[in-house]
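What follows is one structure encoded as structure tokens, with my remarks underneath.
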Amino acid sequence: MATGKINVSVDNIFPLIKKFLYSDHEIFLRELISNATDATIKLNHLTSIGEAKVEYDNPMIEVKVDKEGKKLHIIDPGLGMTEEEVKKYINDIAFSGAEEFLDKYKDADKDAGIIGHFGLGFYSSFMVAEKVEIISKSYKDEPAIHWSCDGSPKFTLKKGKKEDHGTEIILHIAEDSTEFLEENRISELLNKYNKFMPIPIKFGTKTETLPKPEGAKDEEPAPTKEVDNIINNPNPAWTKQPTELKDEDYKSFYRELYPMQFEEPLFNIHLNVDYPFNLTGILYFPKLGNDLNMQKDRIQLFQNQVFVTDNVEGIVPEFLTMLRGVIDSPDIPLNVSRSYLQADGAVKKISSYITRKVADKLSSLFKNNREDFESKWNDIKIVIEYGMLSEDKFFEKSDKFALYPTVDGEFFTFEELQEKIKDNQTDKDEKLVVLYASDKEGQHSYIEAAKAKGYQVLLMDSPIISHLMQKLETSKEKLSFARVDADHLDNLIKKEDTQISKLSDEEKEKLKTNLEEVITDKGYTIQMEAMDSNASPFIITEPEFMRRMKEMQQSGGGGGMFGMGNMPEMYNLIVNTNHELVGEILNTKTSKKRERLINQSLDLARLSKGLLKGEELTNFIKRSYEMVK
């Protein structure tokens with residue numbers, strides 16, 4: 001049996017680079033500037049430990065466009081390369097200089113923030129360039145070098161003309177990539193990928209207005225001067241300690257991240273951990289309301305201040321992807337394109353940490369200023385409810401701060417709600433029945449009827465509330481949720497004492513036959529119920545289970561999961577056999593009057609349910625006027 005080693009050669013790697021290695025050609029600039037930053041930070045580390053005897057004062061990376069010469073320059077004042085290093089790091093492309101450096105200086109990663117792990121990053125330049133040159137001088141006392149390659153396996157390496165340490169990469173832009181000679185395009189990429197790189201990046205100059213000298217006349221123009229145009233913020237808020245920042249600093253950084261977002265965030269969560277993994281960042285809660293379709297992918301992922309992606313799926317739990325902000329971690333593994341995450345244990349730990357941190361922050365806000373937390377509830381509840389549904393650990397923690405608002409604007413935790421309603425809203429089977437409304441105006445009459453009996457009615461109107469109620473009912477003992485219009489109140493909260501019907505069984509059968517002759521709509525199931533004589537004669541309810549399944553289907557899951565397809569509208573028509581009007585319908589001698597009374601009573605019930613519309617509403621109004629003539 002023969003064994004051997006597979007070698008990656010330049011002959012077969014170039015086509016791979018050009019076509020398949022990177023999903024998006026524009027990231028070549030990110031890679032080159034990341035390498036330039038890496039080299040500059042490395043030099044800083046070497047000078048700090050006395051291994052490099054060079055000046056390191058206010059280093060700056062420069063990007064220059066030469067449109068006429070069809071060239072793009074990236075210049076850094078970093079440690080540069082010797083001839084041997086060029087052969088090793090550029091020609092032997094399977095070897096990563098950053099990896100070797102980190103291996104030699106074990107503490108450099110922590111102390112100096114080296115980006116590292118870039119591997120084939122330099123070769124991404126051949127996706128947009130027909131020829132690439134490197135002019136470099138090492139911080140060591142060795143001659144400068146000049147390397148050149150036209151994208152074939154052949155290269156040239158000779159002595160270069162460069163006095164200062166550092167490296168200049170010159171890209172001769174290919175005909176199919178001339179967009180990268182446009183200043184606006186380069187500016188766009190620098191802002192996208194390098195906005196928070198740790199070394200200042202210069203891209204051209206800008207005009208700065210100076211204060212007028214004393215004694216200058218009003219009509220005299222203010223003096224100006226040309227200054228370096230630094231496109232990045234090397235010290236963004238997330239790289240600082242929370243103790244260094246005030247509320248305004250967090251808001252200012254939010255505006256820097258989202259310049260087109262005019263609404264202030266509600267609050268922020270500063271992430272800062274260095275064991276068992278390294279993670280920093282700031283997450284912001286924007287105003288969300290009930291909008292499940294709010295734009296996601298607004299959290300930006302960085303690796304040591306290098307932008308990687310705004311697709312944080314897998315790192316940030318699904319329920320938090322509606323938030324905004326920044327996450328930065330060198331411990332998140334990335335593939336060669338640095339665009340997609342690879343699932344591993346570290347990522348799962350990071351996801352759990354973020355979930356716990358968010359839960360702790362919400363708990364703290366609730367405990368420290370409950371009134372303020374309540375005022376923000378409607379803007380943040382969708383995230384919390386989504387988290388309760390999707391993350392069991394978050395569900396457990398949220399039990400202490402998740403709120404249940406009533407139709408009257410009061411807020412209770414579940415424990416407080418349970419204590420408040422247990423005496424009045426526990427049914428004969430010892431089950432706690434939580435009444436709720438989803439539309440305070442549309443279900444007004446049902447709400448008022450419940451309040452008249454001393455019942456508390458919650459206002460639960462988010463699009464995923466049906467899913468959450470299902471989870472609460474299965475997680476807590478002897479609990480059920482019922483919408484106030486799901487049945488008449490005596491059925492929703494069944495007590496031992498039941499009303500006695502004024503009608504005999506024969507009269508009820510006769511009444512039901514009369515109703516079925518007039519009400520031909522198959523969407524109604526007619527039920528005879530003995531209720532208080534002051535309750536409405538006709539009440540339309542929608543069965544809790546069927547309605548809830550339909551709502552779950554519409555928001556994802558529920559009915560759809562059980563293969564129920566598009567579920568039809570189904571209603572119960574509950575007829576109060578103890579109401580005076582119902583007795584009149586039964587005893588009316590003429591069928592015409594009976595029909596009019598039934599239709600009018602049904603339409604009134606439909607009107608209170610919000611079901612009377614269009615032609616039917618017009619006919620109801622016309623009939624009502626005729627009846628009061």
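The values are calculated or read from the model by the stated rules, or taken from the named source; none is laboratory data. Computed from a predicted model, the values in this text were never measured in an experiment. Glycine also receives a Cβ, built like all others from the backbone with ideal geometry; neighbour counts cover every protein chain displayed.
Listed by position, the helices (runs of 4 or more DSSP H) inside region 361-434 whose residues that are at pLDDT 90 or above and in contact with a helix residue (DSSP H, G or I) (Cβ under 9 Å, 6 or more places away or on another chain) number at least 3 are 370-390, 392-398. Within region 389-413, if we keep just the residues that are farther than 17 Å from Leu365 by Cβ and either touching a residue at least 60 places away in the same chain (Cβ under 8 Å) or of a type in the set (Lys, Arg) (or both), the residue that is surrounded by the most Cβ atoms within 10 Å (Cβ to Cβ) turns out to be Glu391.
Considering only region 156-267, give the strands (runs of 3 or more DSSP E) lying wholly within it that have at least 2 residues that are among the charged types (D, E, K, R). Before you say what the answer is, go through the steps one by one.
On the way: elements: 166-173, 201-209, 224-230.
Per the criteria, 201-209, 224-230.
Screening Glu473 on (1) assigned to a helix (DSSP H, G or I); (2) buried (at least 17 other Cβ atoms within 10 Å of the Cβ) shows it passes everything except condition (2). Within region 116-139, can one find any residue that is in the same structural domain as Leu43 (by TED's automatic domain parsing), charged (D, E, K, R) and part of a loop (DSSP other than H, G, I, E, B)? Checked region 116-139: no residue is in the same structural domain as Leu43 (by TED's automatic domain parsing), charged (D, E, K, R) and part of a loop (DSSP other than H, G, I, E, B).
For region 201-223: of the residues being of a type in the set (S, T, N, Q) and loosely packed, with under 11 Cβ neighbours inside 10 Å, which is farthest from Arg185 (Cα to Cα)?
If we filter region 201-223 for residues that are of a type in the set (S, T, N, Q), which is where we start, we get 205, 207, 209.
If we keep only those that are loosely packed, with under 11 Cβ neighbours inside 10 Å too, we end up with 207, 209.
Details: Thr207: 20, Thr209: 26 Å.
Restricting to residues being of a type in the set (S, T, N, Q) and loosely packed, with under 11 Cβ neighbours inside 10 Å, the top hit is Thr209.
Identify, please: which residue in region 90-116 is crowded, with 17+ Cβ neighbours inside 10 Å and either in contact with a strand residue (DSSP E or B) (Cβ under 7 Å, 6 or more places away or on another chain) or modelled with pLDDT of 65 or more (or both) and is, among those, farthest from Thr205 (Cα to Cα)? Step by step, filter region 90-116, then rank; the result is Ile90. Of the helices (runs of 4 or more DSSP H) contained entirely in region 517-629, those carrying at least 3 residues that are under 30 Å from Asp505 (Cβ atoms) and modelled with pLDDT under 80 fall at 544-555.
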